[in-house]
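The values are calculated or read from the model by the stated rules, or taken from the named source; none is laboratory data. In this text, all values refer to a predicted model and were calculated from it rather than measured experimentally. Note: ideal-geometry Cβ built from the backbone for every residue, glycine included; neighbour counts use all protein chains shown.
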Amino acid sequence: MSSIRIVDLVTPDRVVPTLYAGNKRQVIEKLSFIAARKSGLDHELVLRSVLEREDLTTFGIGRGIALPHAIVPGLVKPIGVFARLKQPVDFGAADGRLADLALLLLAPDKDPDILLRALSCVARRFRNRDVVALLRAENTLEAAHVILTTDFWRGKDPPPDRSHAA
């Protein structure tokens, strides 16, 4: 079982520093569109997969964070799309707090355990209150990606390797 790292799930081109959406459905639609475009999948397939999953569980995990997720046929590897919401949206969290941070996670159907491992990876990162506070304060794509995926901002990790980026 290979480990999952958030830096492998969320690339800079899948970070939205400010997402404008009026409700949960719009957030899911917009994040699904980005995920579909970046993975080469059909947007309707991605959206339908996420909405069907929503019927089974709540996406609000509390503390203003939402983790919409789904297993999507045809996906090669798990991917994530992160957004800071301009206006908080109700994702049905048990604590009643509206979400202003959302991370859509999609996993391939070939490995049934990979979605749970990806969700655990992201949930661990969002448990860090410093990470969450900085993500709420930051409005640039680059800074949000570094905060979300590394501890470089703490002086602990080397800077992200951007040499492979086009």
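Quick notes
- For residue 84, the requirement of being under 15 Å from the mean Cα position of the chain (by Cα) and at pLDDT below 95 is not met.
- Tally, over region 80-104, of residues that are surrounded by fewer than 24 Cβ atoms within 10 Å (Cβ to Cβ) and more than 20 Å from residue 23 (Cβ to Cβ): 0
- Of the residues making up region 76-92, not a single one is under 17 Å from residue 14 (Cβ atoms), touching a Lys or Arg at 6+ places or on another chain (Cβ under 6 Å) and not β-branched (Val, Ile, Thr).
- Among residues of region 133-147 that are closer than 11 Å to residue 18 by Cα and touching a residue at least 12 places away in the same chain (Cβ under 8 Å), those with a Cβ under 8 angstrom from a residue that is surrounded by fewer than 13 Cβ atoms within 10 Å (Cβ to Cβ) and of a type outside the set (A, V, I, L, M, F, W, C), sequence gap 6+ or separate chain, pair up as 139/18.
- Residues that are out of contact with any strand residue (DSSP E or B) (no Cβ under 6 Å at 6 or more places or on another chain) and touching a residue at least 12 places away in the same chain (Cβ under 8 Å) were ranked within region 95-111; the one that is nearest to residue 6 (Cα to Cα) is 108.
- Listed by first and then second residue, the pairs with beta-carbon distance under 8 Å, at least 6 apart or on different chains, first residue in region 29-49 and more than 12 Å from residue 81 (Cβ to Cβ), second part of a helix (DSSP H, G or I) and among the polar types (S, T, N, Q), are 43/32; 47/32.
- Number of residues in region 37-68 that are polar (S, T, N, Q) and in contact with a Pro (Cβ under 9 Å, 6 or more places away or on another chain): the value is 1.
- The strands (runs of 3 or more DSSP E) falling completely within region 1-76 that include 1 or more residues that are exposed (fewer than 15 other Cβ atoms within 10 Å of the Cβ) map to 15-19.
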